[in-house]
1. Would you pick out the residues in region 273-285 that are touching a Pro at 6+ places or on another chain (Cβ under 9 Å) and surrounded by fewer than 24 Cβ atoms within 10 Å (Cβ to Cβ)?
2. Exactly one condition in (1) surrounded by fewer than 20 Cβ atoms within 10 Å (Cβ to Cβ); (2) closer than 22 Å to Phe39 by Cβ; (3) free of Cβ contacts under 8 Å to residues at least 40 places away in the same chain is not met by Ala77; state its number.
3. Please verify whether region 515-524 includes one or more residues that are touching a residue at least 24 places away in the same chain (Cβ under 8 Å) and either under 30 Å from Thr460 (Cα atoms) or among the polar types (S, T, N, Q) (or both).
4. Which of the strands (runs of 3 or more DSSP E) contained wholly in region 379-489 include at least 2 residues that are hydrophobic (A, V, I, L, M, F, W, C) and in contact (Cβ under 8 Å) with a residue 40 or more places away in the chain?
5. Picking from Arg563, Arg568, Arg541, which residue would you name as being part of a helix (DSSP H, G or I), surrounded by 21 or more Cβ atoms within 10 Å (Cβ to Cβ) and either small (Gly, Ala, Ser) or in contact (Cβ under 8 Å) with a residue 12 or more places away in the chain (or both)?
6. If you take the residues of region 506-527 that are of a type outside the set (A, V, I, L, M, F, W, C) and out of contact with any Cys (no Cβ under 9 Å at 6 or more places or on another chain), which of them is surrounded by the most Cβ atoms within 10 Å (Cβ to Cβ)?
7. How many residues are at pLDDT below 85 and of a type in the set (Val, Ile, Thr) when one looks only at region 396-417?
8. Which of the residues belonging to region 214-258 are of a type in the set (Gly, Ala, Ser), free of Cβ contacts under 8 Å to residues at least 60 places away in the same chain and under 22 Å from Glu400 (Cβ atoms)?
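The values are calculated or read from the model by the stated rules, or taken from the named source; none is laboratory data. Source: prediction; values computed, not measured. Glycine gets a Cβ as well: all are built from the backbone with ideal geometry, and neighbour counts include every protein chain shown.
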Amino acid sequence: MIDRREFIAAAVATGMYGFAGEALAAGRAKENAALGRMFAEFSQALLVEYPDDATFLGLDTGANVALRGELPGRSIAADEARAHSCGERLRRLREFDAAGLEGLDRVNFAAVRYAHERADEGYRRFRYGDNAVLNVWQGESISPYVVSQATGFFATIPDFLDNQHKVEAAEEAEAYLSRLAEFAKGLAGENERMRRDASIGSIAPDFLLDTTLKQQTDYRAQPIEQWGLVTSLVRRTKEHGIAGDWAERARKICATQVAPALDRQIDVLKGLRARATHDAGAWKLPDGADYYRWVLEVSTTTRMTPEEIHRLGLEQTRSLGAQMDTLLRKQGMTRGTVGERMAALGRDPRYLFQNNDAGRAQLLAYLNSVIAEVRRRLPRAFGIIHKADLVIKRVPPAIEAGAPDGYEQDGPIDGSRPATYYINLRNTTNWPKFSLPTLCFHEGLPGHVWQGTFVHDLPTIRSQLLFDAYVEGWGLYAEQLGDELGMYDGDPLGRLGYLQSIQFRACRLVVDTGMHAMRWTRERAIQWMVENNGNTEDAARGEIDRYCAWPGQACGYQVGHLRINALRRKAKAALGNRFDLKSFNDAVLTSGSVPLTVLERVIGRWIEGQRAAK
């Protein structure tokens, strides 16, 4: 195993790294001091604005230790303060003389400026919902709705406290209690913003509010001492032998502060439910068409129109469906649409885990075996090989009704905690065995977990920004690499699962733009997913509801995937037999998460460097 820092240094010395004079180590050596100071200021400001990011990245230590007991403000005033500071940072970026920047300095500057431009535009033009462009912890969940089944403190903070907030010493337990109180304040701030947003025309659809109310009322009905907010602290203080009456102190905060705040939020949500419509799309919002174009640009880092994305989705769905049809026919499945045949395959008991705790345990064990095997093959696709620890967990049952089917959370910058790959097991019949390897490659290795470790070698602010098209595009490209690494050799059903996964993202382009720009109903979108991709209705419903809460986010995946492949084809055409897949993949990753326009420039320079080196 080659240490990645040693690899970078050797690559620069030999010229094999394609940034040529802009190689990573050279870029670091020539770092612009003024840029470094400005980025350090920006990084600290963002940590203060988003203390959850400080914990997520492992930066709530030393001078930032007080951030362990804080959460982002959720009030109107807090949101306006973030908008103002974003505008001030953007002003400084625009005034900065970037003409002489080289190497990674140039890449870093372009990424930071792009993120601030998109965030500032959102703050100025759309004064409702959550603008999370600069919050890496919630960067993929920009929403016109402050609270929904997938957004807001109730949907995110219990899991955050359980899985991100470390409790290994008394001071960390005290910080946990402080965050419980902040949780209650945050719910109150959200109520204020929901009322404000409703007054200007932003109310979540009735079906999202129904799910949200069920999540909150079910949680509220449990005895407080059994709440995960209490039991998480009790369990971990006991595990680490931390003396104190943690159970009673947590229960008291929950009983006197969190529960009343949650009751008030339930009342607000009930009031909104009485006024809500069944319209699914962003078109119904204030300046809804412009809002949707903004979130599409944030998600895809392109200026593609909804109509262009819709057409691309239809084309990709047909193309991938033709490949699936060929494989299905080889399995003797010739009747019905591709979606109907995939649905039938997905219902076959031979490929299903039992929908009980034993079946869930077997499914998780299978996922771990897939990760172990693909890890063994990674040196075939990468020159830089590193540890990339991960654990696989079930999505917490309290939030699984509104959570994505699968997602990943990076480990901290210092590597003290492994990354986590979550799978939603509310219904194991949503996961036929042939669909699972691809999920492992996307969320785990060589997907998000693998990609996430590379950005930690860059200036800290780069770990605080996320570009959906790059990150999710890499996730789909990682699924492709799983195929290219031979993980489906002799497994035609596994390859079908892979093609279904890619087609699923193509279908997303169609239904997301269909609902938000073309006024499709939720029911039409669900049915379209079932018919064209073979999803179960339950799985399709959960996904469609997610797209309603997070407009545009689902479009970054396939747009990013197609762009990475286009750059790979360009590099192959330019370099011929000198093209090296390992070096290309490393070059994509070592740029860190960037807008697609920046990635195009990075790969262009990599091609120049490869030519010069040989």
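1. From region 273-285, those touching a Pro at 6+ places or on another chain (Cβ under 9 Å) are 276-282, 284-285; that's our starting set.
Listed by number, the residues that qualify are Ala276, Thr277, His278, Asp279, Lys284.
2. (2)
3. Applying the first criterion (touching a residue at least 24 places away in the same chain (Cβ under 8 Å)) to region 515-524 yields 515-522.
Filter again for either under 30 Å from Thr460 (Cα atoms) or among the polar types (S, T, N, Q) (or both), leaving 521.
Within region 515-524, one or more residues are touching a residue at least 24 places away in the same chain (Cβ under 8 Å) and either under 30 Å from Thr460 (Cα atoms) or among the polar types (S, T, N, Q) (or both).
4. Hits in region 379-489: 390-394.
5. Working: Arg568 fails: surrounded by 21 or more Cβ atoms within 10 Å (Cβ to Cβ); Arg541 fails: surrounded by 21 or more Cβ atoms within 10 Å (Cβ to Cβ).
None of the other options fit; the residue is Arg563.
6. To start, the set of residues in region 506-527 that are of a type outside the set (A, V, I, L, M, F, W, C) comprises 508, 512-514, 516, 519, 521-524, 527.
This time we only want the ones that are out of contact with any Cys (no Cβ under 9 Å at 6 or more places or on another chain), so: 514, 519, 521, 523-524, 527.
Numbers: Gly514: 22, Arg519: 13, Thr521: 14, Glu523: 13, Arg524: 16, Gln527: 16.
Checked region 506-527; the qualifying residue surrounded by the most Cβ atoms within 10 Å (Cβ to Cβ) is Gly514.
7. Qualifying residue count for the region: 1.
8. Ala221, the sole residue that qualifies.
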